[in-house]
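The values are calculated or read from the model by the stated rules, or taken from the named source; none is laboratory data. The model shown is predicted, which means the values in this text are computed figures rather than measured ones. Note that we place each Cβ from the backbone using ideal geometry, even for glycine, and neighbour counts take in every protein chain shown.
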Amino acid sequence: MTNKVTSVMDARACGTCTLCCRLPEIDQLSKPANALCVNCVTGQGCLIYDGRPDLCRDFLCAWMTDPKLGPQWDPVVAKMMVYGQGDQLTVLVDPDHPQSWREEPYASQLTSWATKAAGRGGYVIVFVGDDVYKVAPTN
Ligand code: SF4
Ligand code: SF4
């Protein structure tokens, strides 16, 4: 969770999504990957919202800030969340839907992102539970 908040796009909100409170490992909260934060109630959100750590306060996934990600990238719809970490575009897939990133329109979009990233020395990494994949760019 190193994405810094830029600005939230109009008409986008986390709503009932709590993926970033479940999928990432968060050392500061002693939270392992793919385990719901002890402060999170599914469908309700963060129980300590006003006092949540800066790490949480400063994070938004790419769908919340990037207009290039269409409605299909709403994490609730996609069953995965995307965020940038320097040269790496990180994709955390909901282990309850482990094939989502291999399905369309996601597989083609990830390949396209990997191809563009490779041109500038970057890459796209997909995490699914304990499995890690580097998306292959096209030539
Ligand atoms: S993954 Fe994105 S949409 Fe979902 S709760 Fe986190 S910031 Fe909000
Ligand atoms: S402290 Fe709150 S915002 Fe941060 S991961 Fe836990 S439930 Fe989510």
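Structure data summary
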item	result
Matching residues, the stretch 75-99, being at pLDDT below 95 and assigned to a loop (DSSP other than H, G, I, E, B)	GLY86
Where ALA35 falls short, out of the listed (1) of a type outside the set (S, T, N, Q); (2) more than 10 Å from ligand 1 (Cβ to nearest atom); (3) touching a Phe, Trp or Tyr at 6+ places or on another chain (Cβ under 6 Å)	(3)
Output for the stretch 87-97, where each listed residue is in contact (Cβ under 8 Å) with a residue 24 or more places away in the chain and more than 14 Å from the chain's Cα centre (by Cα)	ASP87
Selection count where residues are more than 11 Å from ligand 2 (Cβ to nearest atom) and either without any contact (Cβ under 8 Å) to a residue 24 or more places away in the chain or hydrophobic (A, V, I, L, M, F, W, C) (or both), scope the stretch 31-44	2
Members of the stretch 5-44 found to be outside any loop (DSSP other than H, G, I, E, B) and surrounded by fewer than 16 Cβ atoms within 10 Å (Cβ to Cβ), listed by number	ASP27, GLN28, VAL41
Residue in the stretch 97-109 that is of a type in the set (Phe, Trp, Tyr) and touching a helix residue (DSSP H, G or I) at 6+ places or on another chain (Cβ under 9 Å) present	yes
Filter result for the condition that a residue is assigned by TED's automatic domain parsing to the domain that holds TYR123 and either more than 12 Å from ligand 2 (Cβ to nearest atom) or on the phi < 0 side of the Ramachandran plot (or both), over ASP54, ASP87, ASP50, ASP27	ASP87
Residues being of a type in the set (Ser, Thr, Tyr) and surrounded by fewer than 12 Cβ atoms within 10 Å (Cβ to Cβ) - total across the stretch 50-78	0
